[in-house]
Every structure is written in C-alpha cells, then in structure tokens.
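Student: First, the structure itself, so that you have it in front of you.
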Amino acid sequence: MQHTAAGRPGGNRFQALGPNRLDEIAAKYGLDPQLRESVRLFSLVLPFRVNEYVLSELIDWSAPDADPVFHLFFPQPGMLSPEDEQRLTAARDGGDAGELARTIAAIRAGMNPHPEHQQDLNVPSDPDGPLPGTQHKYEQTLLYFPAAGQTCHAYCTYCFRWAQFVGEPELRFSAADPARAVAYLRRHPEVTDVLVTGGDPMVMTAERLRQHLEPFLAVESLQTVRIGTKSVASWPHRYVSDHDADATLRLFEQIAEAGKTPALMAHLSHPVELEPAIARTALSRIRDTGALVYCQAPIIGRVNDDAAAWARLWRAEQRAGAVPYYMFVARDTGPRDYFKVPLARAAEVFRDAYSALPGLARTVRGPVMSTTGGKVVVDGVAEEPGAGRFFELRYLQARDPRLVGRPFRAVYSADAAWIDDLELAPGTPADIRAAVAAGQD
Ligand SMILES: *Cc1c(COP(=O)(O)O)cnc(C)c1O
Ligand code: SF4
C-alpha cells in the first residue's frame, strides 16, 4: 500500500488531491469560479493532482494567474488548442459518456505522449526478449522504471510522462521487479549507473523502494544508484516526517555502505520550492546519508522562463549542498504551445542566470534538448561576419559516443524551439547530420 491513505487535510500525512476535490480546493483558497471551471474542464484530458503542501506552501493565492507553481500544477485555459477545447466542451455538454471518452482519447493521442520514440527505442533485450521498464540509451546508464513508482506527489502540467498517469495501459511502461535488469547489468559491466525513474520512485514506501533497489547493490560493476524525483519540491515530508522517512534515509545509507554512490536527481523548477524550511531540512537530511543531490528541470513558459528565478534557484541549490546540473528544453508533448520557450530565448535566460553565479554553482549545463540521438546543449549564439548568426551546439550525451563533445552549428532562428526546427550549417559532418536527422523524424 502506498502512503495515499486518507490523512488530515492540512496535516502531515500525504494525501493526493485530484479533480474530485476541486470544489474544496477552490473554496479553501479562494479560486475564482471561472478559473475553477477551466481547471475542471482541462483536467478531463490532462492529469491533475496536487496535495495540501503544494497548495498551502508553494502557491501565492493572491494572484494564481501569475503564480509559477499554479501554472506548474493546475491545468488551465490555453493548454489545449482552441479546436480541442471546443471539441472537449461539446463532448462534455453532449452528455454521451462514450462520446466524451472517445474525444478525450483522441485529444490525448494528438499530444504525443511518447516523444522521441521513448517507448520503442533503447529498450534492451535478454534471451527472453525485451526487458519491460528499462532503457539503455547511453553506454554507462540504464534507466529503470519500477512499476510502483509510476505516479507523483503532484503532477506537472507539462509532463511528457503524463500518459503513464491517465490509465491507458498500452502507454504504461514499467518493471514489476528488478531481477531481469540485474541480470542484464551483470552481462553489461560497462553500465556503471542505474537511474531509477518514473513517474516518481519516491512515491514508493521505503520497503517497496528497498525491494527494487537492494538487488542492484550486489552488482559489482555498478557504481551509482540515481533516483529521479520531484519530491523535494512537492512532498519534502518524504524525508522528514513521513512514517518511513527514517527508513528511506537508512536505505540511502545502505546504498553508500554497499560501496555505491546514492544520488538523488532532484527536479526543482523554481526558487520558491526551496523557501519552506522543510524543503531545506529534507535536502540536509538526504545529504547526511552520504547521498549526492543533483538538480535539474526544464525551462517552461509562465513557470520559469526568467533568468533571475534560475539564478536564485541555482544559488539556493548550491547553498543547500546540492549540485545545479541541467536546464532542459521542454519536449514536444502535452500542452507544448502553451509552455514553449524558443531555443534563442532559453539560451539567453541560461546565459544571464549563469553569468550571475559563483563559480561553484557553474556546474549547470543548458539549455539541453534530450533527443533521439542524444542530449544536445545550445552553447550560445555566434555571429560570423558575412555568414550571419548561428546556434553553437554540442552533444553532451549521445547514443553514438563518438559524437560527444564535438561543436556543430545550426542557422540562427528566433522561433526554433526544438532540434527539428533547426537547419544545420553548411559543412556539418555527416555523422552529426545523421544523428540530428534521427531526432527530426
Ligand atoms: C538524461 C538521460 C540519462 C542520464 O544522462 P546524464 O547526462 O548522465 O545525466 C540517461 N539515459 C537517458 C535515456 C537520458 O535521457
Ligand atoms: S514529477 Fe516528473 S514525472 Fe511527475 S508529473 Fe512532474 S515531470 Fe512528470
């Protein structure tokens, strides 16, 4: 049983609040009726889940429309295209449940829930066939999706994994237990990192998490156990006051005692997420176990397309002993147009924020696109007399390791927002051209 049992609202027990609690939320926090009804409509298509901590500690209810965390967690007007919004309204008002369900499914299908071939590419095999719930894209790192970790403490409206939450079974992608992944690692000693992801693995109880992680500790060649999570922002109680908070930290210690490095990949979007004392307490308790904390998030319109916010966030992370790691570009999925930040703008935000950092926080890299061929960073914009402006690009990670670290260029565009909007500069080497093209189909 996950810790979703009914708790005292406002108390310290985790309780997921979904669309059926919307009236209560609106009444308690004074949400405008029109906005409330928009949330109700859009949450038919987009996953909606918040919790009392997010509502009471992170959102400024005096102006939710302008609040970054409100945009992060509440589906709202503009997130669907006007046509889809119209279809959805008509289907809801039509009163035919079958028609409504078909309309919702059709709109979701148009939202590209598995961008960049997430589902079919990179799934490794053993003699029994493909390994469910794993991906092996970069030589050193195996991704592992535990079945019980496929939800989150709150759902981000831009999430490319939302398909996993809305119960469409063919879109789910997870492992019931790690036995086959462990056997795979024994045959692939080049894999030094396992990256446990979801959803959010930290929704699991300590006991369940132990069942998934412990078997990996016996693999000699494995050096690092990484866990991707937003819980530091969306439910820091997980490390402080949950009934098994101590058992969870003990598990991190056990990973360290087994000679592996535990590393939390903390998804932090905005500096307000580190303002509550409990979030900073969570980080310090995690660090006390010997675990490293690396921080990453996508740059999202209306949430954090703001250099001052990133500079504050990265400074706060560094002050908490965590490592600023990646600024991602949001993928082509979900309410993309609503959140889209052009690459030129993202590069400018990154540079402005980065240049305000102390050297020790300049560990962060970005803006980074995670594409079919690999992770491409936009290093900046170069001007060449007579030739015009170019994006300076580089693979930080690639399926083909020979591509990593070689600079290449694309013609500058103020609007391009993803790799498939880019035109490579004349003279780009054929192997880089091919890897980029693979991300463009
Ligand atoms: C980002 C990513 C990783 C981890 O990459 P690092 O650069 O090592 O953090 C591993 N696998 C996949 C598929 C990824 O997208
Ligand atoms: S926490 Fe991560 S997996 Fe969960 S909704 Fe947000 S982005 Fe998606």
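The values are calculated or read from the model by the stated rules, or taken from the named source; none is laboratory data. These numbers were taken from a predicted model, which means no experiment stands behind them. Cβ placement follows ideal geometry from the backbone for every residue including glycine, while neighbour counts extend to all protein chains displayed. Each accessible area value is taken on the protein alone, full model and side chains, heavy atoms only, with ligands, DNA and RNA left out. Shrake-Rupley method; radii C 1.70, N 1.55, O 1.52, S 1.80 Å.
Student: What ranking of Tyr412, Tyr29 comes out by heavy-atom accessible area, probe 1.4 Å, highest first?
Tutor: From most accessible down to least: Tyr412, Tyr29.
Student: Tell me the carbon and sulfur percent of the accessible area for the chain, rounded to whole percent, probe radius 1.4 Å.
Tutor: 50 percent
Student: Suppose R0 equals 25 Å. What FRET efficiency, 1/(1 + (r/R0)^6) with r the Cβ-Cβ distance, do Ala90 and Leu35 give to the nearest 0.05?
Tutor: The value I calculate is 0.75.
Student: Still on this structure, please answer the following. Please find the FRET efficiency linking Gln254 to Thr281, where r is the Cβ-Cβ separation and R0 is fixed at 22 Å, and quote it to the nearest 0.05.
Tutor: Once rounded, the FRET efficiency stands at 0.55.
Student: Sticking with this one: Taking only protein heavy atoms and a 1.4 Å probe, what accessible area per residue, in Å², does the chain have with all protein chains in place?
Tutor: 41 Å²
Student: A further question on this structure: Choose one answer from Val196, Val377, Val39: the residue with the largest mean-square fluctuation in a GNM of the chain with alpha-carbon springs under 10 Å.
Tutor: Val39
Student: Then there's this: Towards the positive end of the charge dipole of the chain, with charges on Cβ (+1 Lys, Arg; -1 Asp, Glu), say which of Tyr239, Gly380, Gly110 has the farthest Cα.
Tutor: Tyr239
Student: Report, in debye and to the nearest 20, how large the dipole of the chain comes out about its Cα centre when Lys and Arg carry +1 and Asp and Glu carry -1 on their Cβ.
Tutor: 860 debye
Student: What lysines could a cross-link reach from Lys28, if we take a straight Cα to Cα line under 27 Å and drop same-chain neighbours fewer than 8 places away?
Tutor: Hits, sequence-local ones excluded: Lys230.
Student: If the elastic network links every pair of Cα atoms under 10 Å, which of Asp93, Asp65, Asp177 fluctuates the most in the Gaussian network model of the chain?
Tutor: Looking only at Asp93, Asp65, Asp177, the largest GNM fluctuation is found for Asp93.
Student: Does region 172-246 come out rounded, prolate or oblate by the C-alpha gyration tensor, with a ≥ b ≥ c the root eigenvalues, rounded set by a/c under 1.5 and, if not, prolate when a/b is larger than b/c and oblate if not?
Tutor: Verdict is prolate for region 172-246.
Student: Using the basic label-point model (7 angstrom from Cα toward the beta carbon), what is the Arg102 to Asp415 distance in nanometres?
Tutor: Each label point is offset 7 Å from its Cα along the Cβ direction, giving 3.5 nm.
Student: Just tell me which aspartates and glutamates come within less than 15 Å, Cα to Cα, of Lys137; anything on the same chain fewer than 8 places away is out.
Tutor: Glu116, Asp120, Glu190, Asp193, Asp400
Student: Dipole size in debye (nearest 20) for region 261-394 around its Cα centre, Lys and Arg Cβ +1, Asp and Glu Cβ -1?
Tutor: 320 debye
Student: Need one number: % antiparallel among DSSP beta bridges in the chain, to the nearest 5.
Tutor: For the chain, the DSSP antiparallel bridge percentage is about 45.
Student: Let me ask another. Could you pull the accessible area for Lys28 with a 1.4 Å probe, rounded to 10 Å²?
Tutor: 120 Å²
Student: Please build a GNM for the chain, connecting alpha carbons under 10 Å apart, and tell me which residue among Gly405, Gly129, Gly321 fluctuates the most.
Tutor: Gly129
Student: Here is a follow-up. How big is the gap, in Å, between the Cα center of region 53-79 and the Cα center of region 203-258?
Tutor: 29 Å
Student: Here is a further query. Nearest 0.05, what FRET efficiency do Ala27 and Ala356 give at R0 = 41 Å with Cβ-Cβ as r?
Tutor: Approximately 0.50, to the nearest 0.05.
Student: Work out the length of the dipole vector of region 19-109 about its Cα centre, built from +1 on the beta-carbon of each Lys and Arg and -1 on the beta-carbon of each Asp and Glu, and round it to the nearest 20 debye.
Tutor: So the magnitude is around 300 debye.
Student: Can you classify region 19-109 as rounded, prolate or oblate using the Cα gyration tensor, where a ≥ b ≥ c are the square roots of its eigenvalues, rounded means a/c under 1.5, and otherwise it's prolate if a/b beats b/c and oblate if not?
Tutor: Taking the square roots of the gyration eigenvalues as a ≥ b ≥ c, region 19-109 is prolate.
Student: At 1.4 Å probe size, with no ligands or nucleic acids counted, give the accessible surface of Arg351 in Å², nearest ten.
Tutor: 150 Å²
Student: Is the chain rounded, prolate or oblate when judged by the Cα gyration tensor, a ≥ b ≥ c being the square roots of its eigenvalues, rounded requiring a/c under 1.5 and prolate requiring a/b larger than b/c?
Tutor: rounded
Student: Right, another one. Have a look at Gly149, Ala330, Pro189 and report the one farthest towards the positive end of the charge dipole of the chain, computed about the Cα centre with Cβ charges (Lys/Arg +1, Asp/Glu -1).
Tutor: Ranked along the dipole, the leading option is Pro189.
Student: So what's the back-of-envelope 222 nm ellipticity for the chain, counting only DSSP H runs of four-plus at -39500 (n - 2.57) apiece and dividing by all residues, rounded to 500?
Tutor: -9000 deg cm²/dmol
Student: Ignoring ligands, DNA and RNA, how do Glu139, Glu37 rank by accessible area with a 1.4 Å probe, largest first?
Tutor: In descending accessible area the options line up as Glu139, Glu37.
Student: Using alpha-carbon positions, what is the distance between the centroids of region 353-404 and region 84-104, in Å?
Tutor: Between the Cα centre of region 353-404 and that of region 84-104, the gap is 43 Å.
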